[in-house]
Amino acid sequence: MKIAIVCYPTFGGSGVVATELGIALAERGHEIHFVTYRQPVRLELLGNNIHFHEVNVPDYPLFRYQPYELALSSKLVDTIKMYDIELLHVHYAIPHAYAGYMAKKMLKEEGIYIPMVTTLHGTDITLVGNHPFYKTAVTFSINKSDVVTSVSQNLKEQTIDFFNVHKDIVVIPNFIDASKYEEDYTDCQRSLMADENEKIITHISNHRKVKRIADVVKIFEKIQKNIPAKLMMVGEGPEREPAEALAESLGIKDKVVFLGNSNEIDRILCFSDLFLLPSESESFGLAALEAMINKVPVISSNVGGIPEVNKDGISGFLKPVGDIEGMAQKAIDILKDDSVLEEFKIRARKTALNFDIRNILPLYEEVYEKAYASR
Ligand code: GMT
């Protein structure tokens, strides 16, 4: 099929999922066209059946806010016509589903029908989408999509609770490409990061409030009192500076390394012993899944879709949001005994294998066929 994918091209989970999905679909022979404002960060190679179309929004002094939806819907119409695109898949409802619907309507005027699949990712529903300023338009665009998917059962339930949706929502979990992890990383440079006796604990996120970055630092502070350890903080965001200040005030500055954004998280996860994800809310927790496939057990909060990914006592442990003491204790339980840690590592990978792209891709293809058939 010829498919246009709309997503955020950033390090955020929804953009990563959309990009990896597009790459995998292209490998299966579909023709994929990414339409967004920058080349997606994980999209390295463009080729015969993988294309990128940049949405430009010219700066004009009259506008206090630049009309991105307008530019995106125009670009979609042009791209769909030029490349005979058969299906539109938008990731993240705001504003992509809205712009997609406008493109669909404009094309209909010209006698072209384009089915639209909308994938809900989390904050588009739980944090931003249900704000009264957006709710009406988000509800409308969900209901106007031909097929709606959500990345977890929990997100589906939240969408039904928050919005007056009368569309069925198909749950298609996020995924990893397990074939990339069949052999252990040969270039794992653990000794650059920590001493031999130190355990390495990692957190990866966009360092926003919802991730509870201060909890990560506080949990680590308790762990390192019992077990020699280093904390790797990967990502950028508004909570980074306060977290650096917190590490300094707790006297652990030299044990916390802020690495910034990285395109090579597997290189960091390969030497990690434990992953922390104490988020306030999380529709899925792709970062946890990426840790698990790298054999890194996860200590997380038990909110949203996380329990569908991280299995308590198997791939790690889950505790209520804000339970810093409980999370630290569980981390120590895993880290203090090397044979226990090894068992958790093996089970983390085994749990992650359930989310192999080879199981998930056919679910998307099924949804595309259903949407296409609705023409
Ligand atoms: O976590 C974020 O703040 C980024 C956000 C995004 O849209 O990029 O992530 C959401 O989508 C991811 C991919 O489906 C999920 O794994 C994350 O759990 C979800 N984040 C939240 O629900 C907070």
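Couple of notes before you dig in:
Yes/no per residue for (1) without any contact (Cβ under 8 Å) to a residue 40 or more places away in the chain; (2) within 16 Å of the ligand (Cβ to nearest atom); (3) crowded, with 17+ Cβ neighbours inside 10 Å; (4) within 24 Å of LEU353 (Cβ to Cβ):
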{"site": "PHE175", "(1), (2), (3), (4)": "no, yes, yes, yes"}
{"site": "ASP184", "(1), (2), (3), (4)": "no, no, no, yes"}
{"site": "ASP187", "(1), (2), (3), (4)": "no, no, no, yes"}
{"site": "ASP195", "(1), (2), (3), (4)": "yes, no, no, no"}
{"site": "GLU198", "(1), (2), (3), (4)": "yes, no, no, no"}
{"site": "ASP215", "(1), (2), (3), (4)": "no, yes, yes, no"}
{"site": "PHE220", "(1), (2), (3), (4)": "no, no, yes, no"}
{"site": "ASN226", "(1), (2), (3), (4)": "no, no, no, no"}
{"site": "GLU239", "(1), (2), (3), (4)": "yes, yes, yes, no"}
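- Residues satisfying the stated conditions in segment 263-288, i.e. near the ligand (Cβ under 9 Å from one of its atoms), in a loop (DSSP other than H, G, I, E, B) and either free of Cβ contacts under 8 Å to residues at least 60 places away in the same chain or within 15 Å of LEU192 (Cα to Cα) (or both): GLY285
- Segment 160-234 holds no strands (runs of 3 or more DSSP E) entirely within its bounds that carry 1 or more residues that are farther than 22 Å from GLY285 by Cβ, within 23 Å of the chain's Cα centre (by Cα) and at pLDDT below 95.
- Screening LEU21, LEU62, LEU45 for residues that are assigned to a loop (DSSP other than H, G, I, E, B), closer than 22 Å to ARG358 by Cα and of a type in the set (A, V, I, L, M, F, W, C) leaves exactly one candidate, LEU45.
- Residue within segment 105-117 that is in the same structural domain as GLU365 (by TED's automatic domain parsing), assigned to a loop (DSSP other than H, G, I, E, B) and within 26 Å of GLY129 (Cα to Cα) present: yes
Residues are listed down the side, and each one gets a yes or a no for (1) more than 14 Å from the ligand (Cβ to nearest atom); (2) closer than 25 Å to TYR372 by Cα:
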{"position": "THR119", "(1), (2)": "no, yes"}
{"position": "THR136", "(1), (2)": "yes, no"}
{"position": "GLN158", "(1), (2)": "no, no"}
{"position": "LYS167", "(1), (2)": "yes, yes"}
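- Hits in segment 121-134 - residues which are at pLDDT below 80 and within 8 Å of the ligand (Cβ to nearest atom): LEU127
- Residue in segment 293-306 that is assigned to a helix (DSSP H, G or I) and in contact (Cβ under 8 Å) with a residue 12 or more places away in the chain present: yes
The values are calculated or read from the model by the stated rules, or taken from the named source; none is laboratory data. Quick caveat: nothing in here was measured; it's all calculated off a predicted structure. Methodologically, a virtual Cβ is constructed for each residue, glycine included, from the backbone with ideal geometry; neighbour enumeration extends over all protein chains shown.
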